[in-house]
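First up is the structure itself, then whatever we jot down about it.
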Amino acid sequence: MVKFSRSLMKELSRCIGCGACNISCPMFHVSDFKETEGARARIKLISMLGNNKIDLTEEFLGYIFTCINCGLCMDLCPVGIDVFDIIVKSRSSLVDIGYVPLVTVDMRDARRRTGSPIGEGLTKGVWLPPDFQPEKNADILFFAGCWVHTAPDVAINMSKILQKIAPNVAPAGPNEPCCGGLLYVIGERDSAEESKENLLKFIKELSPKVVVSGCSLCASLFPDLEMKYFSSFVDEALESNKIKTKSMKRKKNKIFLIRSCHSNGAARRILERIKNAVVIDTPNWICCDCGATLIYQSEPEKFDEWFKKISEIASDSDADYFMIEEPACYSMISKVLEGKNKYKGMKIISFPSFLVNHIS
Amino acid sequence: MAEEPAIKAVEEIASQLGERYVLIEDLDRSAYSYDASGMQYIPSAVVRPVELEDISFIIEVANKYGVPLVPRGSGTSLVGGPLPIEGSIVVDMQMMNKILEKDEYTGLVRVEAGLRLLDLNKVLSNRFMPINPDGMGFSTVGGLIAEDAASPLSVKYGTTAAMVLGVEVVLPTGETLLVEQPGPPSKRNILNLLIGSEGTLGIFTSALLRLPLRPESRIAYKIEMIDISDAVSIQTAIKRANISIAGFEAYHNYKELIGEKGAEAVSFLEVSGTKECADVWSSKLRSIFKEMDIPFEEIDTEEADSIWERRKSIYELAKRRKSAMRVISLLVHTHLTRDAIQEIDRTGSRLKLPVVTVFNPLLGWVMAIFLYDPTDEKEVKRTEKAIFNVIDRTIALGGSIGFGIGAGITKITSDMDEGFVSIFSSVKEALDPNWIMNPGKLIER
């Protein structure tokens, strides 16, 4: 029998079942509006579990842990429930009382073996010399984030853009610690906290002026790390005229942007400054995020479905570019496409790799 | 666990639709056990049709095994409309969401029943559906028609029925009919029988709608009512002055909106149309406010929109007071609006429950919202009692329940409307002899 804390139960009971959270839920849309996949069902079913109205099977446990973790569900809640926070809290409560779903075992194991939950034999900082040591007191400490290390071209382009903003950019390099973000969303509260503390220590020792993260999840989940997400940082630099955009040669380039769900629309604002770039309006549930890692790993067919659906919408809107803001998502999609950079007549490109040619 | 006939029916449906479109796992069944009413009933299965033929087949099989069906849109009902109270099979209509035809000039659109309002409103550039029952556009066209949904803008635009020119419906017999009236509504009665039948007479698969033009000009006001009876006086004055009001909504006991000035209610009004009309009506309205000594201020249309998307402000209540809510919708004679509100207030204070009333004096539409702590069993029971008490008092005033949101599980009884119950029951018996369509809703068998 599962017993959640009183405060969690009280928060769950405040859900009025209106379904607003489903409006921005990617899982709900990708599944052709199947109620079970939406955020409302997750809240309602977790509440039923807390009230002993439903049995906790392995399937159910896995279900609670495997949404895309974008956090968009809290945007529209009319009664102000932080839906994503409740889902994560209930995951932690389940982990605390010993219910660990099989689907997260690989991630836990990868974290133990490699220091990063994404596994896949990850080697960090492959684009840097093997004995690379980050410089102290840099203008910018570039914290790439686990997934960015799997896409070295994106990491290099991010670095190049940052170098245009400040001369002294220090990549965190091969010893970059895990931020704990992914562990946090799979309910591993203690490991996440430990990772975060390690990272804080790492940053403190290097004492940079600012830390820029290539991954939006770490920056948004842990405000106390005081990291700036890459797109937001570039957006601010453009706003204060530290850098400028360069126009595209061909007229009317239609861009279908898969925005990062954890940034505040910065990539779109940046693209809108580029002459001849036309950013297509996309439904609010289309986003990308490294929180999709678990789904990508444990239910690849669901991840494929998600990609198929959004690429269809992009192709129907006659997009020239299928642009992915978040490096994690770019990396996962690249693997699905087996490295092809053209799909359904669209150029598949990561946002930083596009931007590097349009910033001066 | 589902009953034997339901299992057989589901197996047969799965063989035709494909297993992907039939959900029988506990997780899925639980996910279709709620709506926005706060009630819960687990279905024996969920089926997800994608075309008309699927629905005819589902109904045929359900009839064969005597298994009840409940059509469901987005599940935003406040009265349990899509809840499977007799272990029914839920028919999830959301995958039938295509736009079949559209015409910018006439405003006619033919759409499938599962299309959401937020998508419907993107179909034509200068036209819109003024009824937005959940305030977020999540509700489906089928749901709107089934409940004959209304909004504060129904003063000008009518209820959903006013926008519906026709429906395609699959009757409980399995027969598919197109019920349409393109011209003057001389024979609309049959269509109007289907609209608002709350899923008890068949499943709507598509609808022909005429969407009204967005108004060229809008002027909105916020007014304070020191006394609730002002609502009655204002609506009389408005009618006498022949002003065409677009929207009207008043909030009583909503202290977050009313403020500390001691007013009993705060109201919002809008006039709309061509610029000339809106200006004339607006100036007439101002004269009425001044004559009646009612404090007023003009508000921007954005603020007005948030009021017409009524449910948002109601949900805001639950947010601010951190509680759950139970809603009952009533329709009373306009001159008795004040009496209905007083009865609601009395019920709230007697049962020690905070209650907020949202009402539309021009329609006589009153919604009582009881706020309660869902984790306190005693309070849950008192809320239940309050709802029945309010219904009793409304009947005594000659009113009825369910306007604009449906009666749902609460049901309309003979003592509320003998004529309706008698005729509707006969129609139901004739069309659905096995009572397989959404049993336990709207009327008692």
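The values are calculated or read from the model by the stated rules, or taken from the named source; none is laboratory data. It should be emphasised that the depicted structure is a prediction, and the values quoted were computed from it without experimental measurement. Here the Cβ positions follow ideal geometry from the backbone for every residue, glycine too, while neighbour counts run over all protein chains shown. Note: areas computed on protein heavy atoms with side chains; ligands, DNA, RNA excluded. Shrake-Rupley method; radii C 1.70, N 1.55, O 1.52, S 1.80 Å.
In this structure, B:Asp227 and B:Ile99 have a Cβ-Cβ separation that, at R0 = 45 Å, corresponds to a calculated FRET efficiency of about 0.40.
Run the dipole for chain A about the Cα centre, Lys and Arg Cβ at +1, Asp and Glu Cβ at -1, nothing else charged, and hand back the magnitude in debye, nearest 20.
Details: 46 positive and 44 negative charges, 226 e Å.
Result for chain A is approximately 1080 debye, rounded to the nearest 20.
The simple spin-label model puts a point 7 Å past each Cα toward its Cβ; for B:Arg20 and A:Glu312 those points are separated by 0.9 nm. A Förster radius of 22 Å, combined with the Cβ-Cβ distance separating B:Glu86 from B:Val427, puts the computed FRET efficiency at roughly 0.60. Absence of a disulfide-compatible partner, taken as no other cysteine beta carbon within less than 4.7 angstrom, is noted in chain A for A:Cys15, A:Cys18, A:Cys25, A:Cys67, A:Cys77, A:Cys146, A:Cys178, A:Cys215, A:Cys290.
Applying 1/(1 + (r/R0)^6) with R0 = 35 Å to the Cβ-Cβ distance of A:Lys3 and B:Arg445, what FRET efficiency is obtained, to the nearest 0.05? Spell out each step's value before the answer.
Numbers: r = 41 Å, r/R0 = 1.17.
It comes to 0.30.
Of the residues B:Arg214, B:Arg188, B:Arg350, ranked by 1.4 Å probe accessible area with the largest first, the sequence reads B:Arg350, B:Arg214, B:Arg188. The apolar share of the surface of the stretch B:383-443, taken as the fraction of accessible area on carbon and sulfur atoms (1.4 Å probe, ligands and nucleic acids excluded), comes to 56 percent. Peptide A:73-80 is shielded by partner chain Cβ atoms: per residue, an average of 4 of them sit within 10 Å of its Cβ.
Put +1 on the Cβ of every Lys and Arg and -1 on every Asp and Glu Cβ in chain B; which of B:Ser272, B:Ser233, B:Phe388 then has its Cα farthest towards the positive end of the dipole? Of B:Ser272, B:Ser233, B:Phe388, it is B:Ser233. Relative to the longest principal axis of the Cα atoms of chain A, helix A:152-165 runs at roughly 60 degrees. Taken residue by residue and averaged, Cβ atoms of other chains lying within 10 Å of the Cβ of B:313-322 number 4.
Using a Gaussian network model of chain B in which every pair of alpha carbons under 10 angstrom is joined by a spring, one finds that among B:Ser244, B:Ser323, B:Ser151 the greatest mean-square fluctuation is at B:Ser323. Hey, can you list the DSSP H helices of chain B whose Cα span along the axis is 27 Å or longer and whose average Kyte-Doolittle score is at least -1.0? For chain B, where a helix must reach 27 Å along its axis and average at least -1.0, the hits are B:377-396.
Residue by residue, the stretch A:31-44 carries 3J(HN,Hα) couplings of 8, 6, 6, 6, 3, 4, 7, x, 5, 4, 5, 4, 5, 5 Hz when phi is fed to the Karplus relation 6.51 cos²θ - 1.76 cosθ + 1.60 (θ = phi - 60°); x denotes Gly or Pro. Sparse packing (at most 12 other Cβ atoms within 10 Å of the Cβ) combined with a DSSP loop state is found for none of the trypsin sites (Lys or Arg not before Pro) in the stretch B:353-431. Here the protein assembly as shown is assigned +1 on the Cβ of each Lys and Arg and -1 on the Cβ of each Asp and Glu. Its dipole about the Cα centre then comes out at about 2000 debye. Among the trypsin sites (Lys or Arg not before Pro) in the stretch B:201-276, those placed in a DSSP loop whose Cβ has at most 16 other Cβ atoms within 10 Å are B:Lys261.
Spatially, the stretch A:131-190 and the stretch A:209-241 are offset by 11 Å when compared through their Cα centroids. Of all DSSP beta bridges confined to the stretch B:4-94, the antiparallel ones make up roughly 30%. Simple spin-label estimate for B:Gln342 and A:Lys249 gives 8.2 nm between the two label positions (7 Å along the Cα-to-Cβ direction from each Cα). Backbone amide hydrogens, once placed in the peptide plane, bring B:Lys102 within less than 5 Å of B:Arg110, excluding anything fewer than 5 places away on its chain.
Under 10 Å, Cα contacts only: if you run a Gaussian network model on chain A, which one of A:Lys249, A:Lys228, A:Lys342 comes out with the highest mean-square fluctuation? Result: A:Lys249 has the largest fluctuation of those listed.
Among the trypsin sites (Lys or Arg not before Pro) in the stretch B:87-172, which ones are in a DSSP loop with at most 16 other Cβ atoms within 10 Å of the Cβ? Mind listing them? Passing both the DSSP loop test and the Cβ count: B:Lys98, B:Lys122. For the segment B:32-42, counting C-beta atoms of other chains within 10 Å of every residue's C-beta and taking the mean gives 4.
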